[in-house]
1. Strictly over 29 Å apart at the Cα level, which of LYS11/LYS141; LYS10/LYS141; LYS90/LYS163; LYS141/LYS163; LYS10/LYS171 would you flag in this model?
2. In whole percent, how big is the carbon plus sulfur part of the accessible area of the chain, probe 1.4 Å, protein atoms only?
3. Dipole magnitude of segment 17-65 about its Cα centre, charges +1 at Lys/Arg Cβ and -1 at Asp/Glu Cβ only, in debye to the nearest 20?
4. What whole-number value in Å² describes the accessible area per residue of the chain for a 1.4 Å probe?
5. In what sequence, highest mean first, do 7-18, 29-40 appear when ranked by Cβ atoms within 10 angstrom?
6. Just one of (i) 18.5; (ii) 19.8; (iii) 17.4 is Kirkwood radius over Cα pairs in Å calculated from these coordinates, so which is it?
7. Normalising by the residue count of the chain, find the relative contact order in percent from Cα pairs under 8 Å and 6+ residues apart.
Amino acid sequence: MINLRNSDIKKWLSAASVSHSADYCHQLLVENGRQRVAAIRALKSIVHEAHQDTKEYLRQCTEEDLDPFGNRSTPSITDAYPSRLHLKTKKAYFGEIMAGLVAENFATGPGNWRVLTFLFGLHELAFYQLELWRQTGRIPKHVPGQQGEDCVAFYLDDLGGVKASLVCEGKCTNDHDSSMISDAHRSLSS
């Protein structure tokens, strides 16, 4: 389980306003630009750590060489994950991580929210694209993300029991695409 709580992230982003309705809590986070350099350093470390379970999984799945001639001259997909994936796929993974960061660092209510895992660690279509790249040299295409929400955070009591859950969805847009955000709200509501 990765720890997404980070003081540099909390210095970089802060809650400007919080509004509640019957079904939602909306929290506007604003950036402190003076803290961006430290936050980027922290984000790099968190993103690296978030992918380590998947890299270990891929290593275990591919460590046995099945080539009858023993010609393993191509790189392992473990070494290519996630760097060789399509930029849109990597952005989706980053959105999942950011959703988890917001949940653990800024969720309102009880203070012990934890994201136990990320779905990109089970993204078989992405693994297939990397294997295709390994075998043919073809650049990986963008693959749709996993079905469902980006991550789920759980409020854990002192004994580790689950007291509540928080469904998280991250959207990365270049120009604050409100239709994409509206679609995410509809999806979460259903």
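The values are calculated or read from the model by the stated rules, or taken from the named source; none is laboratory data. In this text, all values refer to a predicted model and were calculated from it rather than measured experimentally. FYI the Cβ positions are ideal-geometry reconstructions off the backbone, even for glycines, and counts take in every protein chain you see. Surface accessibility is based on the protein's heavy atoms, side chains included, excluding ligands, DNA and RNA. Shrake-Rupley method; radii C 1.70, N 1.55, O 1.52, S 1.80 Å.
1. On the way: LYS11/LYS141 36 Å; LYS10/LYS141 35 Å; LYS90/LYS163 32 Å; LYS141/LYS163 40 Å; LYS10/LYS171 20 Å.
In this structure, LYS11/LYS141; LYS10/LYS141; LYS90/LYS163; LYS141/LYS163 lie more than 29 Å apart at Cα.
2. The value for the chain is 52 percent carbon and sulfur by accessible area.
3. Result for segment 17-65 is approximately 540 debye, rounded to the nearest 20.
4. Working: 12010 Å² over 190 residues.
Using a 1.4 Å probe on heavy atoms only, each residue of the chain averages 63 Å².
5. Final packing ranking: 7-18, 29-40.
6. Answer by label: (i).
7. 20 percent
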